[in-house]
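Read through the structure below, which is laid out as structure tokens, and then see the notes.
Every read-out reported here was derived from the displayed coordinates using simple, explicitly stated rules and does not represent laboratory data. Everything numeric here is computed off the predicted structure, so don't read it as measured data. Because the Cβ atoms are built from the backbone with ideal geometry, glycine has one as well, and the counts that use them run over all protein chains shown.
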Amino acid sequence: MLEVKGVSKSFDGFMAVSRANLTVNKGEMVAVIGPNGAGKTTLFNLISGILKPDSGRIIYKGEDITFLSPYEIFRKGICRSFQIVNVFQRLTVFENVQLSVLSREKKTWNLLMPAKKFYVDETERILEQVGLKEKRDTVAGFLSHGEQKILEIAIALGGKPEFVILDEPTAGMSPEETVMCMELIKKLRHEMDLTILFCEHDMDVVFGYADRIMVMVRGETVIEGTCDEVRCDTLVQEAYLGVSDE
Amino acid sequence: MGKKGLIPIAFLLLLLFPFFLPRFYVYLSSLILIHGLLATSLNFVLGFGGMYQFHHCVFYGVGGYTTALLLTKTSLSPFLAFLAAPFASAILSILMGVICVRLSKLYFGMLQISLGSLVWAIVYRWYSFTGGDDGIHGIPIPHLLASTNSAYYFTLVITALSMFAMYRMLVSPFGKTLQGIRDNPVRCEMIGVNVKLHQLLALIIAGFFAGVAGMLFVIVDTTVFPEMLFWTLSLEVLIMCLVGGWFTFFGPLLGAAILIILRTIISTYTVYWALVLGVIMTLIIFFLPNGILGYIEEKLKRG
């Protein structure tokens, strides 16, 4: 479904991503792991169009999306959430998700009708799916950190995505919240038939939920394979697992 | 619910003003309405759009001058002259907006203030056309609107209609998108919003209503002068938004009322109005960062 072929990106001579390769098949849940500064977020930014690569190609459903702008990529059905909380702080929870739906349906230019009549059912259904229905009219900035991360995912779902990129969905969450969040993602994946690409620091989460794993170190793809393949790889143990498991 | 009921009551009260207020105060009320409309149009892009339009008065001045020039230099119908003002301002908004939206936050503001000052310089220097620093005086206004009271009623009705139009736009999908862009432009782009184009449309709308305010000023005051588009007035309008509450719809109107009333009172005692304004601004920033109406709304919500 998604293919990243030899993609590189440098910032002032620093190679953030260097000849990275990644394949995600339809319906899979793929994790990208690697130490801090390995280039995971940069890779996600390249796929979602925030950054343009220096070289390489990104193919989605057989179509070259390398140089499309973020909103064009969104319209192709690729939606993402962010590592740092990135919601609309002064809008309510409902409006946060509704905005995403409005944008998908290209209704953001409507100046004359009150917005509260648009896509109420769909927005509420998404809120119900992620468990934020109770907080419908709370201003997003007043939610707890964990709730904001969930809202983050809900906004991505508003785009009716087929492919979801989650940049550290559980960052900053307590262990209990982490489990709840990952179970939610698993549930959504089946309910909405999603293909998911995510990155994560918690190895239990990665090996517990991912179908396949791609390991990045210093911007390069070290290995791409199933959980067992990755676990047994000596390079990975040296570069990453050994360090974080000490 | 009770909050919405206040609006028709306030409107009825305003309708009665000319019956019990002396002429000077009716004139002052017109000025408050005009500046309130101007501040609300600025807040459309400032508080709701997150764009630091530091030099908003350019569009007010251009609206005023358009009406004034059409009334004095052509034999067009006066109502055409009134109608032309907002469109002239909107066209200027397109020109400046296209250049400025490429930048964000403070850079947007700095570029906008420079371009706006350029417009001011043209108006200030072009004696043969704009009257230079003298401006244009004694502009002929149609009899129907010539008295203080009729000018006031015209201003009241047009201001109310303009405010209503802006309110509707802010609660529309476009308005919500604009507020989303204010909160988080990057995220907005990620959910498929063409941020710059939405910002440009918002700037055009804001410029349009600033032009309406400029046109109303010509009717009420029968003069135009270059200070209408000098940056100090832009700053004053910005302060109106901040004092009243820039995340509320009626905050800027309240701010305009407070500032103009205070200025009128204080100016009779001292020439240091700017000093008083500075103290007010400092106090507001320290104690009411969301402005007066913002503070009241917060209190009401918490119960």
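So for the stretch A:1-58, considering every pair of alpha-carbon atoms, how many percent are separated by more than 13 Å?
Details: 974 of 1653 pairs.
So the portion of pairs separated by more than 13 Å is 59 percent.
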Can you give the Kirkwood hydrodynamic radius for the stretch B:57-115, in Å, rounded to one decimal and based on Cα pairs? 12.4
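Got a sec? How would A:I33, B:I122 order by Cβ neighbour count within 10 Å, fewest to most? Before the final figure, lay out the partial values.
Numbers: A:I33 26, B:I122 13.
With the sparsest Cβ surroundings first, the list reads B:I122, A:I33.
With a ≥ b ≥ c the root eigenvalues of the C-alpha gyration tensor of the stretch B:2-229, is it rounded (a/c under 1.5), prolate (a/b larger than b/c) or oblate? Before the final figure, lay out the partial values.
Working: a/c = 2.35, a/b = 1.27, b/c = 1.85.
Oblate is the answer for the stretch B:2-229, as a/c is 1.5 or above yet b/c matches or exceeds a/b.
For the stretch A:106-225, what's the relative contact order in percent, using C-alpha pairs closer than 8 Å and at least 6 residues apart?
Working: 86 pairs, mean separation 22.3, N = 120.
Worked out over the stretch A:106-225, it gives 19 percent.
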Report, in order of residue number, the helices in chain B meeting two criteria: a C-alpha extent of 18 Å or more along the helix axis, and a mean Kyte-Doolittle hydropathy of at least -1.0; treat each whole DSSP H run as one helix. B:2-20, B:23-46, B:57-73, B:78-100, B:105-125, B:148-171, B:195-221, B:231-244, B:251-267, B:273-287
For the stretch A:59-112 the chymotrypsin sites (Phe, Trp or Tyr not before Pro) that pass both the DSSP coil test and the at-most-11 other-Cβ-within-10 Å test are A:F67
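Given the pairs A:K76/A:K135; A:K117/A:K186; A:K76/A:K107; A:K135/B:K3; A:K5/B:K196, which are separated by over 26 angstrom at their Cα positions? Please report the intermediate quantities before stating the final value.
On the way: A:K76/A:K135 30 Å; A:K117/A:K186 31 Å; A:K76/A:K107 17 Å; A:K135/B:K3 23 Å; A:K5/B:K196 31 Å.
Checking Cα-Cα distances, A:K76/A:K135; A:K117/A:K186; A:K5/B:K196 exceed 26 Å.
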Please list, ordered by chain and number, the residues whose modelled amide H lies under 5 Å from the amide H of A:A31; skip anything fewer than 5 residues away on the same chain. A:F198, A:D211, A:R212, A:I213, A:M214
Span from the the stretch A:4-18 Cα centroid across to the the stretch A:49-64 one, whole angstrom: 13
What list do you get for B:I296, A:I150 if you sort them by fewest beta carbons within 10 Å? B:I296, A:I150
Neighbour-count order for A:D228, B:D221, fewest beta carbons within 10 angstrom listed first: A:D228, B:D221
Of the convex hull drawn through the C-alpha atoms of the protein assembly as shown, the volume per residue in Å³ is 181
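Using only helices, what value at 222 nm comes out for chain A when you add -39,500 (n - 2.57) per DSSP H run of length 4 or more and divide by the total residues, to the nearest 500 deg cm²/dmol? Intermediate values should be presented prior to the final figure.
On the way: 8 runs with 81 residues, N = 246.
Using -39500 (n - 2.57) per qualifying helix, the result is -9500 deg cm²/dmol.
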Need one word for the stretch B:1-75: rounded, prolate or oblate. Basis is the Cα gyration tensor (sqrt eigenvalues a ≥ b ≥ c); a/c below 1.5 gives rounded, then a/b vs b/c decides. oblate
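Give the Rg/Rh ratio for the stretch A:86-160, taking Rg as the radius of gyration of the Cα atoms and Rh as the Kirkwood radius, to two decimals.
Working: Rg = 11.5 Å, Rh = 12.1 Å.
Dividing the radius of gyration by the Kirkwood radius yields 0.94.
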Relative contact order, percent, chain B [alpha-carbon distance under 8 Å, six or more residues apart]: 32
